[in-house]
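Scroll down for the structure; my scribbles are underneath it.
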Amino acid sequence: MQSPPWVLGTPFWSQGWIRSHLRPGTSSTSLILLARLGPERRETAAKFLEARTIKAGVECWQAIGRAESFEAWVKIGKALQIGRDYSLKATGANRPMGQIYCKAFSVWLTKHGFERMAKSTRSVAIELAENVEAIEAWRDTLPERQRKRLVHPLSVTRRWRASTAHGNGKSPQDLRRDAVAAWARFCASVRALPADETQPLWRLIAAEATTHVS
C-alpha cells in the first residue's frame with residue numbers, strides 16, 4: 001500500500017484537491033483514508049465529505065431555535081463556507097460580492113434552506129468556521145459561565161476579534177474582570193498581615209496611583 005504523502009515528504013495540505021474540497025477541521029481519519037485513494041476516488045470522497053458537511057449544517061440550522069449551541073453554529077458556518085466557495089468558483093468571482101456572485105449564492109442558500117438567515121449572520125458564521133481552531137483555543141481560556149453565554153457567531157467573533165486586537169488573548173472586558181479579581185485578592189491578603197507590614201504595601205499602591213490618577 002502506498003504511504004500517505006506526509007510520510008513521503010510531500011506536504012499533505014499542498015495538494016490541490018485538498019485545498020479545493022476539504023475544510024479546515026476535517027478529521028485526521030478522513031484525511032488518512034483520502035490519502036490512500038486514487039485521484040478519481042479522492043475527488044468522489046471529497047465531494048461526499050462536503051455533502052455530509054452541508055447536511056450537518058442544514059440540520060443544525062433547522063434546529064437552531066430549540067437547540068442553539070456554539071458547536072451547531074460551527075457546523076452551520078462550515079456548510080455556508082462550502083456554499084460561498086462553490087458560488088465563487090461557479091461565477092469566477094475573486095471575492096464574495098457582485099451581482100452575479102450574490103445571485104448564485106442566493107440560489108445555493110435557497111436550495112439548502114438557508115435563505116431566511118440574515119446576511120450579517122451568514123457572514124459571521126462563515127468567519128467562525130474559517131477561524132474555528134483559533135476561536136476554540138481562545139474560548140478555552142474563558143470561564144465556563146462565559147463560554148455558555150458566547151454561543152451566537154456574532155457575539156463570539158466580535159469578542160474574539162477584540163481579544164486578538166489587544167495581542168494578549170483577552171478582550172478589555174476580560175482584562176478588567178481580571179484586574180478587579182486581582183485587587184480583591186490583594187486586599188484580602190493585606191488585611192491578613194500585621195499592621196506594621198501593611199504600611200509599605202499601601203505606600204507602594206499610593207505611589208502607583210499618583211502616576212495614573214490626576
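No lab work stands behind these numbers, since they all come straight from the coordinates. The structure displayed is predicted, hence computed values, not measured ones. Neighbour counts run over all protein chains shown; Cβ positions are idealised from the backbone, glycine included.
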Inset, instruction - Write out the GluC sites (Glu not before Pro) in region 34-113 meeting two conditions: DSSP loop, and at most 14 other Cβ atoms within 10 Å of their Cβ. - result: GLU68
Legend entry - Pairs of alpha carbons in region 39-111 whose separation is greater than 21 Å (percent): 36
Inset, instruction - With N set to the residue count of region 107-153, report its C-alpha Rg divided by 2.2 N^0.38 Å to two decimal places. - result: 1.42
Inset, instruction - Would you kindly calculate the translational diffusion coefficient of region 54-170, applying Stokes-Einstein with the Kirkwood radius from alpha carbon pairs, for 20 °C and a viscosity of 1.002 mPa s, and quote it in µm² s⁻¹ without decimals? - result: 144
